[in-house]
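Take a look at the structure set out below.
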Amino acid sequence: MGVKYIISIFILLSAISCGKSPKKPVEKPLAKVYDTYLYPSDLEGKIPTGITSADSIHITRRLIEEWTRERVMLKRAEQYLSFDQKNVDKQIEEYRLSLLTFKYKQILLAQNLDTVITVEEMQKYYENYSSNYILDADIVKVTFVKVPLIAPQLNEVRQWYRSNNIEDIDLLEKYCLNYADRYIIKDNKWYKFNELIEGLPLRVDNPGRFLNYTTNIDVRDSIFNYFIHIYERIPESQISPFELVKDDIRTVILNKRKIEFIQDLENSVYKDGLSRNQVEIY
């Protein structure tokens, strides 16, 4: 198919989309597969507006090829399958019913589901099901500083990063703002230890044993110094702290509400149908 013809088709489609289509146009087909034709009007709305002619031609070619591929495959399937195998009316009807009821349920969910979950609700769930939240790795709270080897005052940094003194912490934070490539200072967040030390020049085969005897880490590679002070730790296989799993708990509670809402909706609709004599069981 020539480029000039595709361009003319693009112009025709543009005119149609702008409300300037000719009266009773006689369409020349774009493609044919067996006895089925693809016409320019079949592509209306499928080519974005505001794009270049080159892009329009490219998209038109792709749409034509996709259509021909689908039609060839459909014809081959029709030739290959038996009459019973080709009878998909029942499956189509089942899919239609399933799709309609799904859309109905989703609309009512969006309109009526209470999505506000309080901290108290999450904490209660956590207390009741805390055994579901077992740590698969050691977690730690840390002060972490990554600075270039050429950075100044490294001796002071070695004193500050392991200190709990407020003045030292303040000095370290001001220093990191100017010189650190990355830093964590008393942010009170939990980190998986094995993820925290990824990329560091430090090999730890047994994190649990290592953390039993280590609270301060001072290592370097060819470019950076890495300082880590571990001020809190929870070992692997212990119950995860609430703050680490509260987002998961929120999702669980919300999903339970969705399930309960759908079940209540189905029961309500069914009972209503029975009460109105819209349902008869023989």
Checklist entry - Here are ILE230, ILE217, ILE197: which of them is under 32 Å from the mean Cα position of the chain (by Cα) and open to solvent by less than 80 Å² (accessible area, probe 1.4 Å)? => result ILE197
Next on the checklist: Looking only at segment 163-193, count every residue that is outside any loop (DSSP other than H, G, I, E, B) and either more than 33 Å from the chain's Cα centre (by Cα) or under 17 Å from LYS146 (Cβ atoms) (or both) and tell me the total.
Outcome noted: 19
Next on the checklist: Being under 30 Å from GLU120 (Cβ atoms), at pLDDT below 95 and open to solvent by 30 Å² or more (accessible area, probe 1.4 Å) narrows it down to one residue among LYS186, LYS192; which is it?
Outcome noted: LYS186
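Here's the yes/no breakdown for (1) more than 30 Å from LYS256 (Cα to Cα); (2) free of Cβ contacts under 8 Å to residues at least 24 places away in the same chain; (3) not charged (D, E, K, R):
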{"position": "VAL72", "(1), (2), (3)": "yes, no, yes"}
{"position": "ASP84", "(1), (2), (3)": "yes, yes, no"}
{"position": "GLU94", "(1), (2), (3)": "no, yes, no"}
{"position": "ILE117", "(1), (2), (3)": "no, no, yes"}
Checklist entry - Name the residues in segment 120-135 that are open to solvent by less than 80 Å² (accessible area, probe 1.4 Å) and hydroxyl-bearing (Ser, Thr, Tyr), would you? => result TYR125, TYR126, SER130, TYR133
Checklist outcome for this item: Matching residues in segment 22-41 (at pLDDT 85 or above and open to solvent by less than 70 Å² (accessible area, probe 1.4 Å)) number 8
Next on the checklist: Going residue by residue through segment 163-176, is there one that turns out to be within 17 Å of SER222 (Cα to Cα), out of contact with any helix residue (DSSP H, G or I) (no Cβ under 9 Å at 6 or more places or on another chain) and open to solvent by 30 Å² or more (accessible area, probe 1.4 Å)?
Outcome noted: no
Checklist entry - Which members of segment 254-282 meet the condition of being touching a Leu at 6+ places or on another chain (Cβ under 8 Å) and under 15 Å from LYS103 (Cα atoms)? => result LYS258, PHE261, ILE262, LEU265
Checklist entry - How about segment 75-118: which of its residues are part of a helix (DSSP H, G or I), among the aliphatic types (A, V, I, L, M) and open to solvent by less than 80 Å² (accessible area, probe 1.4 Å)? => result ALA77, LEU99, LEU108, LEU109
Checklist entry - For the subset of segment 45-59 comprising residues that are surrounded by 14 or more Cβ atoms within 10 Å (Cβ to Cβ) and in contact with a Pro (Cβ under 9 Å, 6 or more places away or on another chain), which member is farthest from LYS32 (Cα to Cα)? => result SER56
Next on the checklist: So, in segment 136-162, exactly how many residues are among the charged types (D, E, K, R), assigned to a helix (DSSP H, G or I) and open to solvent by less than 20 Å² (accessible area, probe 1.4 Å)?
Outcome noted: 0
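The values are calculated or read from the model by the stated rules, or taken from the named source; none is laboratory data. Worth saying up front: this structure is predicted, and the values here are computed from it rather than measured. Glycine also receives a Cβ, built like all others from the backbone with ideal geometry; neighbour counts cover every protein chain displayed. Just so you know, the surface numbers come from the protein's heavy atoms only, side chains and all, with ligands and any DNA or RNA stripped out. Shrake-Rupley method; radii C 1.70, N 1.55, O 1.52, S 1.80 Å.
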